[in-house]
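The values are calculated or read from the model by the stated rules, or taken from the named source; none is laboratory data. Nothing here was measured: the structure is a model prediction, and the numbers come from that model. Using ideal geometry, Cβ is built from the backbone for each residue, glycine included, and neighbour counts are taken over all protein chains shown. Quick note on the areas: whole protein, heavy atoms, side chains included, nothing else; ligands and nucleic acids left out. Shrake-Rupley method; radii C 1.70, N 1.55, O 1.52, S 1.80 Å.
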Amino acid sequence: ETPVARRSELIDLSLQAEALIAQLPPAELCFTAKAVGLHDAGWLLEHATEEQLVACLDLDVWNADVPERGKLDAWLAALANAGEPTLLRAAHALDMELIVLEVRSRARVTLKPNGDDSWEPPDASHTLDGQFYLEPLRDDDAFADLLTFLRVLFEHDYWFYYRLLQGAQWELESDAEEWALRWRDGRLQDLGFPPL
């Protein structure tokens, strides 16, 4: 019942902050993280459950029926600040379609063709494995949080990493948005948010 602006202070004073964070209702954790500011909310997200992490994105990154890419970027950066274990837990908890949309909105993914020795990677592209090359779509995108996210997946769950980049290269954006919206609407109804 504490006002949102004061919650983080009280949680920080608790001797059992980790247990307290995990017991917050998912929507309340989202509001608390937003009140702290996502750039400073890593310590909250570090102790959040998978259900809480998913609810945070379900409640905050969508504008009507479409995920808002700027907010998705901010949450990815916040998860990266929370540490690699949190980033990996979030990746496995979130819908693959939503993560595909995040990668597609920030990078052009190119798979190195087999047997073509004359092939050159795109200018300003990044690679973690020598196979997939990511070219930033915006000049002002620092790209570090996305590369951190992909590096964690590459190191700890290669097949997830591979499936994600294949999806970012080949899946239709409209299909990914439709499926991500369906999963999100179902979860929000389970939390007590009625459909429009």
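Considering only Gln131, Trp183, Ser14, and ranking their Cα positions along the charge dipole of the chain that arises from unit charges at the beta-carbon of Lys, Arg, Asp and Glu, the one farthest toward the positive end is Ser14. Remark: the range 54-153 carries a charge dipole of roughly 200 debye about the Cα centre, counting +1 on each Lys and Arg Cβ and -1 on each Asp and Glu Cβ. Rounded to the nearest whole Hz, the Karplus-based 3J(HN,Hα) values (6.51 cos²θ - 1.76 cosθ + 1.60, θ = phi - 60°) of the range 131-148 follow the sequence 10, 9, 10, 10, 10, x, 8, 10, 5, 8, 8, 5, 6, 5, 5, 5, 5, 4, with x at glycine and proline. For the chain, the longest principal axis of the C-alpha atoms and the axis of helix 173-190 are separated by about 20°.
Contact order for the chain, expressed relative to its length and based on alpha carbon pairs under 8 Å spaced 6+ residues apart, stands at 19 percent.
With the simple model of a label 7 Å out from the Cα in the direction of the Cβ, Asp157 to Glu51 spans 1.9 nm. Taking one equal scatterer on every alpha-carbon of the range 62-196, how large is log10 of I(q)/I(0) by Debye at q = 0.14, 0.17, 0.19, 0.20 1/Å? Once normalised to I(0) and log-transformed, intensities are -0.67, -0.96, -1.17, -1.28.
If you model the range 91-133 as an ellipsoid using its alpha carbon gyration tensor, with each semi-axis the square root of five times an eigenvalue, the axes come out at 25, 11, 8 Å, biggest first. For the range 58-75, backbone phi angles converted through the Karplus equation (6.51, -1.76, 1.60; θ = phi - 60°) give residue-by-residue couplings of 4, 7, 10, 8, 9, 10, 6, 10, 10, x, 8, 5, x, 5, 4, 4, 5, 5 Hz, Gly and Pro being listed as x. Summed over the residues of the chain and divided among them, the accessible surface reaches 54 Å² per residue at a probe radius of 1.4 Å.
In this simple spin-label approximation, Ala142 and Gln16 carry label points 7 Å from Cα along the Cα→Cβ vector, and these lie 3.7 nm apart.
Between the amide H of Ala107 and those of Leu137, distances stay under 5 Å, these residues lying 5 or more places away or on another chain, with hydrogens modeled in the peptide plane.
Amide H to amide H, with H built 1.01 Å from N, Trp62 comes under 5 Å of Glu68, counting only residues 5 or more places away or on other chains. For the range 1-116, the dipole from Cβ point charges (+1 on Lys and Arg, -1 on Asp and Glu) about the Cα centre works out to 400 debye, to the nearest 20.
Charge dipole of the chain (Cα centre as origin; +1 on each Lys and Arg Cβ, -1 on each Asp and Glu Cβ, all else neutral): 280 debye, rounded to the nearest 20. The phi-based Karplus calculation (6.51 cos²θ - 1.76 cosθ + 1.60; θ = phi - 60°) puts the 3J(HN,Hα) values of the range 104-114 at 4, 6, 10, 9, 9, 9, 10, 8, 4, x, 6 Hz, whole numbers, x for Gly and Pro. For the range 120-196, the Kirkwood hydrodynamic radius from C-alpha pairs, put into Stokes-Einstein at 10 °C and a viscosity of 1.306 mPa s, yields a diffusion coefficient of 107 µm² per second.
One Cα centroid belongs to the range 64-83, the other to the range 6-38; the line between them spans 18 Å.
Can you give the angle from 0 to 90° between the axis of helix 26-36 and the longest principal axis of the chain, with both taken from C-alpha atoms, to the nearest 10? Between helix and principal axis, roughly 80 degrees.
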